[in-house]
Amino acid sequence: MKWIKVDVELPREDFIKMIKVGGKKICIVKHQNKLHALANNCPHAGGILSGGWCKNGNIVCPLHRYEYNLETGKGLLGQNDYIDIYPIEQREDGFYVGLQEGFWKRLFS
Ligand code: FES
């Protein structure tokens with residue numbers, strides 16, 4: 001796993017925001033004072049999750065309102081899908097998101 005620093009200032013209050021981390025678009029959510037990093041695209045039909053909202057610990061996709069758990073990425077019962085969740089942590093010099101390195105890069109490094 002590669003930890004990449006978030007190079008934008010994150011608001012103190014709750015928010016949902018798309019940021020680029022290591023060239024990848026990530027949806028950062030602060031909900032009930034806890035930070036989450038997740039995929040920015042909805043697996044259903046490509047909706048932009050950073051344009052959605054939070055409800056009962058889930059992020060709601062603005063297109064067709066599918067919901068994904070902020071902690072696990074699991075979709076609601078019956079959706080049979082999930083989104084990727086990334087670890088995010090605060091260090092002395094800012095926030096870092098952990099990204100898995102790609103298969104080919106791992107194979108040849
Ligand atoms: S694209 Fe997200 S619910 Fe359909």
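Data for the structure
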item	result
Unmet criterion (only one of (1) within 16 Å of the ligand (Cβ to nearest atom); (2) assigned to a strand (DSSP E or B); (3) more than 12 Å from the chain's Cα centre (by Cα)) for H64	(2)
Residue within segment 40-47 that is within 13 Å of the ligand (Cβ to nearest atom), of a type in the set (S, T, N, Q) and in a loop (DSSP other than H, G, I, E, B) present	yes
Output for segment 70-104, where each listed residue is farther than 25 Å from V8 by Cβ and either within 16 Å of the ligand (Cβ to nearest atom) or not in a loop (DSSP other than H, G, I, E, B) (or both)	K74, G75, L76, L77, G78, Q79, N80, D81, Y82, F103, W104
Subset of segment 1-39 (residues that are closer than 14 Å to W53 by Cα and in a loop (DSSP other than H, G, I, E, B))	D14, Q32
In segment 72-88, residue farthest from K5 (Cα to Cα) [restricted to those that are in contact with a strand residue (DSSP E or B) (Cβ under 9 Å, 6 or more places away or on another chain) and open to solvent by 70 Å² or more (accessible area, probe 1.4 Å)]	L76
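The values are calculated or read from the model by the stated rules, or taken from the named source; none is laboratory data. Note that this is a predicted model, so its numbers are computed, not measured. No Cβ is skipped: glycine too gets one built from the backbone with ideal geometry, and neighbour counts run over all protein chains shown. Quick note on the areas: whole protein, heavy atoms, side chains included, nothing else; ligands and nucleic acids left out. Shrake-Rupley method; radii C 1.70, N 1.55, O 1.52, S 1.80 Å.
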